[in-house]
Each structure stands twice: as C-alpha cells, then as structure tokens.
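Following: one structure in structure tokens, then a few remarks.
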Number of protein chains: 2
Amino acid sequence: MATTLTRETAPARTAMGLVDTDIHNAPASETALYPFLPRRWREYHAQFGTRGYAGGTYPRANPNAARTDAWPPSGLGPGADLPFLREQLLDAWNIEVGICNPLVGVNGTVIEYSAALCSAVNDWQVAEWLEPEPRLRGSIVVPYEDGDLAAAEIDRVAGDPRFVQVLLTIRTREPLGKRRFWKLYEAAERHGLPVGIHFGGYGGNPYTGAGKPSFYFEDHCGTSQVFQAQLISLVCEGVFQRFPGLKVVIIEGGFAWLPPLMWRLDGAYKLLKSEVPDLDRLPSEIIREHFWVTTQPVEEPHRPHEFAELLAQLNMPDRLMFATDYPHWDFDAPDQAVPRTVPPDLRRAILAENARALYGLRSS
Amino acid sequence: MATTLTRETAPARTAMGLVDTDIHNAPASETALYPFLPRRWREYHAQFGTRGYAGGTYPRANPNAARTDAWPPSGLGPGADLPFLREQLLDAWNIEVGICNPLVGVNGTVIEYSAALCSAVNDWQVAEWLEPEPRLRGSIVVPYEDGDLAAAEIDRVAGDPRFVQVLLTIRTREPLGKRRFWKLYEAAERHGLPVGIHFGGYGGNPYTGAGKPSFYFEDHCGTSQVFQAQLISLVCEGVFQRFPGLKVVIIEGGFAWLPPLMWRLDGAYKLLKSEVPDLDRLPSEIIREHFWVTTQPVEEPHRPHEFAELLAQLNMPDRLMFATDYPHWDFDAPDQAVPRTVPPDLRRAILAENARALYGLRSS
C-alpha cells in the first residue's frame, strides 16, 4: 500500500475527517533548534556534532526518505514547511487531526545533551507547529535512555494538552521492559499519555540477533523483529502490571507479525509462567488491553481474503489506526491504507475513531 | 502442542512409520568425545574448557532441557543412552527414520578447536549412533564461522550416505547470507545435502536488536526473530541465485511468522529491488522453493480454524515436516504435533513423506 519512490500521489478528498497518527515534521535547518537550546549545547553541536550510535540510514538517493513530490517550493526539506504540509497533507486529504512525530535523532548521544535536545524539540513543536496549526498535535520526545530525565521532560511539558503522547524509537540500548525505563512509563501513565514507539533509533546494537546485515532492504524489513523483541520485553518484565494505565502504540512497525507472536507467547506462558509470576493472565490478553498499532506499513497478504483473516486473528478492531508516514517515501494515502474489502464501520474506526478514542480528540 | 515440564507422554503406536526430523542425541559425558579428538584439543579442553560466547541457557532446574521421563535408568543423561532412546522414542512411536541433530556447542570458540570438535562429533555419531542403529541418520556439524573449514568437514564425511544434512545453529556472528558462509553452502549443494538451521547457538550478539533481554521466557519466544533475520539475510544476499540447488531447513524455529514476513518482503521487493538486483523474483517465491520448516514448536492459534488459515497462508504443503525435539521438555508427541483438523493426506505428508522426499529416505 506504500507508494513508490517516484510516484506522485493523487489526492482524493474524502467525505469524513481523518486522523493521521504519523506525520514527520522536521526542523528547517541544522540550526533551527538553536533558539531552543542552551548555549552549552549549541556550542557542543557546532563543535562536535551529535555523536550518536550508528543506526539505520535511508538510501543516499533519498536522504530524507521523502516522497519526490514532498520537497516544498520554498527550498526547505520535506516536512519542514508548514504551509506546504498544510496544503499537501491536511487540506488535500481532509485530515482533521494530525499527530506529529518528529524524528530528530535526539538519543544515543551524551545523555544531558539528549535531554537538552528533547526539550528544544518539544518547545520548537509548540512554537512552530502547534501554535500556528490547530489541526496538529505533538508527541513529547524524551531522553529515553535515562528514566529520570525522561520523566522530568514529560512532567515539564505534559500540561499542554496539545501533546498527546510520549515518543520513543524502537532501537534502544536495552529492551524496553527493563527497569531503567520504568520512570518514563510512570510519568506517561500519571499524565494519561500513551507511549508511541516508532521505527528507527540508535541503540548501539545490530538490529538482529545474528549481527549486522548488509542492505537497507534488510533494515526496512527486519526492524519488525525489533518491535517483536520490545513487545516481548514489555510483557515479560511485568510493565503493565506495574503501570496498569499504560498504553503503547506501535508506529510504523507493521502488525501482521502480532498474531503469531501472541500464539507463541501464550503457548510459552502455559509452560513457563513460573519464571514470570508478575504476569497475571495470558500475554495475548495483556497485549490486546495495552497495545495499539498503526497502518503504515501494512504487510499485504498475497490473496485479498487473507487480510480479513489477519484482522480476525489480530482481533483488535478498536486498536488499529490510520497513519500516512508523511512525507516519507512509503507514504500511505488514505484511499490506499485500508483495503477495499474492509467493512465501512471498521474502516471509519481505523481512519479516525480509534485514534480519537485513544488520544482523547474531539470529534468535529 | 508441547508437553509440560512434568507431564509424562503416553505413547500410542501409530500405524504408519514416521520420520522424526529433530532428535538430540548427546555424548555420555564431558570426555565421551576424547577418543575422537586430537591430543592437542583434548588437553585444551581439559585445561581451558570450551571458551565460547555466552548464549542461551536452559532453566537450571532442567539443565538439559529434558523431559522428566527422559533420564535413562542407566544414569546417563537424556539422549545419551541409545537403547533407552530406541525404546522410548523409536519403538514407542513407530519412528522409521530419525534424524540426529547433536547440539554439543561446537562453535564460537577458537576456530581450529571448533573444527576439531566438529570432526569428533561427526565421527562419534557414526561410531555410536549410525552404526548400531540403522533407523538413525546423522547431521554433519561444522565450524560454520569459517567457510573453508566448514566446507572441508563436509567434504570429509559427506560420502557416508547416513549423513543427510549439514547442521548449523541460528545464532551466528554475522547474518547467514554473508560471503563468509558461502563455501559452506557451495559444499552442501555439491553433495546434495540440505542445510538445517536449529534453535540455539552462540554468536556473541544479544539475540534481539534491542539488546539482551532478562528471562528464559524471552529467549524461548524471541529466537524466532533470529530465524526471521537469517531468512531475510539469505534471501537478500542472493545466496539462492548463487547456489540454486541449496535447500534450507528451519528446525525448532516455528513457522507462523513466515507468511507475514513473506508479505513484508514481497512488498519491499516491489519498492527496493534496485538495491538487491541479484534477486530474480519475489522473495516469497524464493522462500517457497528453497525452505523447509519443522513442526516443533507449532505456534498454536487461538481458534482451531486459524491453523487451517495459517497453513493456507504458508502455502508450503510439501515443506512442513514432523519433529519431536526428543528428549527436550517441549517434546511434541506424534499424536499431538499435527492438529486433528489437518486432512489425512497432509497429515501423512507432514509426518513422513515430506521428510522422505527432502532427505532422500527410502520408504519401507
């Protein structure tokens, strides 16, 4: 359902207002965050750069991983020009609410620098996106490798109701169920904010258990394994028993791998529950209570009826949410993201209502 | 479909002769391989031990991961006593052919020591298992981290027709598609031997892209992600274009994750084939031509009809093969391994015929 690298999308305004749960707004330049950064870290950036771990990189021919038509006439980069984003995405597709997930690369460096960068990104979101465009909502980026600093940043900005979730990326230093992340979850739960976990990041580990692969193709397909690992860790470490109000959104991670993983976890639970006594019920029950997933990318089955089978096996009709991934090259247009075989009620739920319910968005 | 840690299995002799594709025979003691090892490495073992990477370890209460009833009266360890294995597995379940996959921990150490250990294990298999028990077949263990040494060991013993495959474990230093493994595949193809890849091993990497998890439960469920990574690597690196006769068996890796992975790979192929021009057709076509899978463990869907959906989505009816994993605790008895909803023809194919065809076993 993704468009190709070169294809132009053909907007077709839909009657209902949509909620797009994955928009990548971007700083206009390397120094666009400087007004929001303390002098110490402005100087650090100018002298030393970001110094993160090596992570996934997009194809060189398309360093921003952007749709070819997403470069604004202003000369700014894809996702960096609000009027153009407004026109090309929000107006063109009748998107009533769009959730910004800025991917600025704020983790994996000196941790205090991460924290300063996160504060800068959050303040920049308010000033340059949420203030001028009421259809947009923000995600709180946090220095997630340190639970205390992450919780402090959540506490600092969560009072602004335009922030509707906390944003992590999927590649972390250690699995997300571990104790180092618990204060982050505690803060998110305290403020009633879902934790969104997006494709990408820089954890310092190869993203497979067999070492570092060669191709971007492998990165693109293989990252869904990291989502699987993180979900297993969150469940097995008893995170949802400790934070029963915690909600987690898997963003750009696919979801067809989720039914077989639930089967596997439930089977193991019956045999090995003595090792994980914090788990008070089947892993699949915990997952269906605490997880949401997004549509981009949808793993397209080979035969159309298999998509209906997949949705029935998933059995999370109120948890699947539409996402464009604008302005990235694998953008899903609203008229492509949900196969035509999906019944109208479920289609509406996916395109708007599930996200409204999760993020507490008013219906207009 | 696995038995529990304490449950005793109730043999029910089946009318048809079965082929068990995953039996773990074991050395009787730490020194049982010494008669097959050169003096240098006997002394090395006695003085320094194996010095492998840390890898997955079984629960302490059950260090051999064995069924509680699999400890022979002789006092030997599970899988180490041929007369007992004969009685408890081969006779009891009417297994006409059983394929030995000895998991002795022969990789991840000094590479020349790995090579010597592999030769010892292969010679020990012939002397202590294949000679006295004509129903058993052997798997050639190889020092797979070095392609030349692995190919040399294959060449050394492949002339013995009782060896029916080359055996790797899934956790390797680097992904299995890489050039360092190609001579191994070339040798396997030259001798017409499938390459079986089994759960386990010691690659030196955490087995998730997010670092090292905490629990055995996570290891037990998460290793299927490593299988996914290895399959992606084998496909993307063009291994099957280079070695068109190569056949790969996924052993104890599950298979319910395979349909969604094929969907994901095919979707990516349409968008990114310029990066992997060696691939001459859809990844799912390559996979369905070159891969086999085994039944233990089967990820059991929540509703019985979903198993039929899974088999249809997998669409590899001649590639699924029965395995007990004897004597391990998650042993699948023949009357449990295949759900009752599976039609008789397919059941026969899974329980015997598919393995006969792949491994060239005579029907009796």
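The values are calculated or read from the model by the stated rules, or taken from the named source; none is laboratory data. This structure is a prediction, so every number in the text was calculated from the model and none was measured. As a convention, Cβ positions derive from the backbone with ideal geometry for all residues, glycine included, and neighbour counts pool all protein chains shown. Surface accessibility is based on the protein's heavy atoms, side chains included, excluding ligands, DNA and RNA. Shrake-Rupley method; radii C 1.70, N 1.55, O 1.52, S 1.80 Å.
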Quiz item: Peptide B:288-298: average number of partner chain Cβ atoms within 10 Å per residue?
Solution: 1
Exercise. Let me know the charge dipole size of chain A about its Cα centre in debye, to the nearest 20, where only the beta-carbon of Lys, Arg (+1) and Asp, Glu (-1) is charged.
Key: 440 debye
Exercise. Tell me which residues come under 5 Å, amide H to amide H, from B:I140 once H is placed; ignore anything under 5 positions away on its chain.
Key: B:V164, B:Q165, B:V166, B:L167
Quiz item: For all pairs of alpha-carbon atoms in the protein assembly as shown, what percent lies in each bin of width 10 Å, listed from the first bin to the last filled one?
Solution: 3, 14, 24, 25, 17, 10, 5, 1, 0
Quiz item: Can you give the charge dipole size of the protein assembly as shown about its Cα centre, rounded to the nearest 20 debye, using +1 on the beta carbon of Lys and Arg and -1 on the beta carbon of Asp and Glu?
Solution: 420 debye
Self-check item: Accessible area (Å², per residue) of the range B:107-153, counting only protein heavy atoms and a probe of 1.4 Å
Solution: 27 Å²
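Give me the extension gain from B:R348 to B:H191: residue separation times 0.36 nm, minus the current Cα-Cα distance, reported in nm with one decimal.
Stretched fully, the B:R348-B:H191 segment lengthens by 53.7 nm.
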Self-check item: Residues in the range A:240-274 that, when all protein chains are in place, have 40 Å² or more less accessible area than the chain alone would give (probe 1.4 Å)
Solution: A:P260, A:W263, A:R264, A:L271, A:L272
Quiz item: What FRET efficiency do you get for B:A61 and A:R281 if R0 is 41 Å and r is their Cβ-Cβ distance, rounded to the nearest 0.05?
Solution: 0.95
Practice problem: Pull out a ≥ b ≥ c, the square roots of the eigenvalues of the alpha-carbon gyration tensor of the range A:234-302, then state rounded if a/c is under 1.5, prolate if not and a/b is larger than b/c, and oblate in the remaining case. | Solution: oblate
Exercise. Please work out the average accessible area per residue across the range A:234-334, using the 1.4 Å probe convention, and give it in Å².
Key: 27 Å²
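For chain A, rounded, prolate or oblate, judged on the Cα gyration tensor with a ≥ b ≥ c (square roots of eigenvalues), a/c < 1.5 rounded, else prolate if a/b > b/c?
Rounded is the answer for chain A, as its axis ratio a/c remains below 1.5.
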Quiz item: How about the range B:152-182: which of its residues lose at least 50 Å² of accessible area in the presence of all protein chains relative to their chain isolated, using a 1.4 Å probe?
Solution: B:P175
Quiz item: Based on the Cβ-Cβ distance from A:R162 to B:K270, what FRET efficiency comes out when R0 is 35 Å, to the nearest 0.05?
Solution: 0.40
Quiz prompt | Antiparallel %, DSSP beta bridges [both residues in chain A], to 5 | solution = 5 percent
Quiz item: Expressed as a whole percentage, what fraction of the accessible surface of chain A belongs to carbon and sulfur atoms when a 1.4 Å probe is rolled over the protein heavy atoms?
Solution: 52 percent
Self-check item: Ellipsoid equivalent to the range B:199-260 - semi-axes via the Cα gyration tensor, in Å
Solution: 24, 13, 10
Quiz prompt | the range A:205-284: relative contact order in percent, alpha carbon pairs under 8 Å with at least 6 residues between | solution = 31 percent
Exercise. Quote the FRET efficiency, to the nearest 0.05, computed for B:D155 versus B:E289 with a Förster distance R0 of 30 Å and r equal to the Cβ-Cβ distance.
Key: 0.70
Quiz item: Where a Cα-Cα gap under 24 Å defines reach, which lysines qualify for B:K247, not counting those fewer than 8 residues away within the same chain?
Solution: A:K212, B:K178, B:K183, B:K273
Exercise. Note down the net charge around A:N25, summing +1 for each Lys or Arg and -1 for each Asp or Glu among other residues with Cβ under 10 Å from its Cβ.
Key: -3
Quiz prompt | Relative contact order of chain B, defined on C-alpha pairs under 8 angstrom at six or more residues apart (%) | solution = 21 percent
Quiz item: Is the range B:57-132 best put as rounded, prolate or oblate by its Cα gyration tensor, with a ≥ b ≥ c the root eigenvalues, rounded for a/c under 1.5, and otherwise prolate when a/b is larger than b/c, oblate when not?
Solution: oblate
Quiz item: Once Lys and Arg get +1 and Asp and Glu get -1 on their Cβ, which of A:P102, A:A28, A:G204 lies farthest toward the positive end of the dipole of chain A?
Solution: A:G204
Practice problem: Output the antiparallel fraction of DSSP beta bridges having both residues in the protein assembly as shown, as a percent to the nearest 5. | Solution: 5 percent
Practice problem: State the answer as a single residue: which of B:G253, B:L279, B:W292 lies farthest towards the positive end of the charge dipole of the range B:253-294, with beta carbon charges of +1 for Lys and Arg and -1 for Asp and Glu, about the Cα centre. | Solution: B:G253
Self-check item: Accessible area buried between chains A and B, both sides summed, probe 1.4 Å, in Å² to nearest 100
Solution: 5700 Å²
Practice problem: Using only alpha carbon pairs under 8 Å that are at least six residues apart, calculate the relative contact order of the range B:133-258 and give it in whole percent. | Solution: 28 percent
Practice problem: Along Cα-to-Cβ, 7 Å out, sits the label point; list in nm, shortest first, how far the one on A:E289 is from those in the other copies. | Solution: 4.9
Quiz item: Alpha carbon centre of the range A:240-283 versus the range B:97-140: separation in Å?
Solution: 37 Å
